[in-house]
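The values are calculated or read from the model by the stated rules, or taken from the named source; none is laboratory data. Nothing here was measured: the structure is a model prediction, and the numbers come from that model. Please note: Cβ atoms are built from the backbone with ideal geometry, for glycine as well, and neighbour counts cover all protein chains shown. Each accessible area value is taken on the protein alone, full model and side chains, heavy atoms only, with ligands, DNA and RNA left out. Shrake-Rupley method; radii C 1.70, N 1.55, O 1.52, S 1.80 Å.
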Amino acid sequence: LGALREGEVVDLRALAEDRGDTLPEDLLGLIELGEDGLRLVRALLARVQDARLPDGILRPVDQVEVLAPLDPPRGNVVAIGRNYAEHARESARARGEEVTRPTVFTKALTSINGPYGNVTIDPAVTTQVDWEAELGVVIGRRGVNIARDRWRDHVFGYTVVNDVSARDIQFGWGGQFFKGKSLDGFCPIGPWIVTADEIDDPQNLHISCRINGETKQDASTADMIFPVDQLVSDLSLGMTLLPGTLVATGTPEGVGFARSPQEFLQPGDVMETEIEGIGLLRNRIVRR
Ligand code: ZN
């Protein structure tokens, strides 16, 4: 459990221990402490500046192995389909369907991958692996039937997600997305979670995906059909959202299967997923 500040990682547990406090082992534990947890972290960080710290509490981020911030998150990853107008249209075109409502589906917890982890493709399982850059919203406070204007009370923060998708399985296995979205390692997240107080407006962030340096997706979260406040409210309708649940809010236009001709990820490709104000995922595609 660490905090990132200006290129350095603060080892929060070591810092807490040095001050006679305790913090949980990981971010999920911190989220579950609610406001008390964040208050303690802020108090600890405020003292970093003037304190003389024992060795090892501050480390350059490039000397730390950055893992998925939630591994696993709480519950399946909740994902939204067709939440950007252009992507909804391109998907409908590619599948010969009309756009009606957003699709809600989930990804298995075993699909979680680190921000710089390899995405392994087994050609015996799938030959149509595609990218989907998405804004991830991390739920902070438990809630059901959350009013749209209370959404901020329930959001802990934001992260970058790539909802990697096996299209042949997604569209070929009997009308559900779960399997094709859930292959091992098909959900890189991170590199960290930016707490909600650091992002005033999640609907004004540049979001992009590059394959081997070539831009494939380049959009703004302003183009979401269902913005984060509505997603939190709609998802919680009759269904409790738990602290630590990750919501992948849908991808903009530019995915591979909707291109002409279609493009899919190949071993050796490097997939970069970036959201302004949050960070960058860099995942290499490898063959099993
Ligand atoms: Zn998606």
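Results, tabulated for the structure shown:
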item: Lone qualifier among T159, T127 - being modelled with pLDDT of 95 or more, hydroxyl-bearing (S, T, Y) and part of a loop (DSSP other than H, G, I, E, B); result: T127
item: Number of the condition not met by E65 [criteria: (1) open to solvent by 70 Å² or more (accessible area, probe 1.4 Å); (2) within 16 Å of the ligand (Cβ to nearest atom)]; result: (2)
item: Scan of segment 177-211 for residues that are open to solvent by 10 Å² or more (accessible area, probe 1.4 Å) and basic (K, R), ordered by number; result: K179, R210
item: Positions within segment 28-58 being open to solvent by less than 30 Å² (accessible area, probe 1.4 Å), under 21 Å from G190 (Cβ atoms) and of a type outside the set (V, I, T), in sequence order; result: L28, G29, L30, G37, L38
item: All positions within segment 233-256 that are open to solvent by 10 Å² or more (accessible area, probe 1.4 Å), more than 16 Å from the ligand (Cβ to nearest atom) and among the hydrophobic types (A, V, I, L, M, F, W, C); result: L237, M239, L242
item: Residue match in segment 32-49 (condition: at pLDDT 95 or above and within 16 Å of the ligand (Cβ to nearest atom)); result: no
item: V194 vs. criteria more than 16 Å from the ligand (Cβ to nearest atom) and more than 30 Å from R287 (Cα to Cα); result: yes
item: Unique match (being touching a residue at least 12 places away in the same chain (Cβ under 8 Å), in a strand (DSSP E or B) and over 30 Å from S165 (Cα atoms)) among A16, A3; result: A3
item: Residue check for E90: in a loop (DSSP other than H, G, I, E, B) and either within 16 Å of the ligand (Cβ to nearest atom) or at pLDDT below 95 (or both); result: no
item: Subset tally (residues that are more than 17 Å from I275 (Cα to Cα) and surrounded by 23 or more Cβ atoms within 10 Å (Cβ to Cβ)) for segment 157-176; result: 2
item: Residues being open to solvent by less than 60 Å² (accessible area, probe 1.4 Å) and touching a residue at least 12 places away in the same chain (Cβ under 8 Å) - total across segment 73-99; result: 16
item: Filter result (farther than 25 Å from H206 by Cβ, in contact with a Ser or Thr (Cβ under 6 Å, 6 or more places away or on another chain) and hydrophobic (A, V, I, L, M, F, W, C)) within segment 141-162; result: V144, I146
item: Selected residue [within 16 Å of the ligand (Cβ to nearest atom), in contact (Cβ under 8 Å) with a residue 40 or more places away in the chain, open to solvent by 40 Å² or more (accessible area, probe 1.4 Å) and assigned to a strand (DSSP E or B)] from T106, T120; result: T106
item: Those residues of segment 125-140 which are of a type in the set (A, V, I, L, M), in contact with a helix residue (DSSP H, G or I) (Cβ under 9 Å, 6 or more places away or on another chain), closer than 22 Å to H206 by Cα and within 16 Å of the ligand (Cβ to nearest atom), in sequence order; result: L135, V137
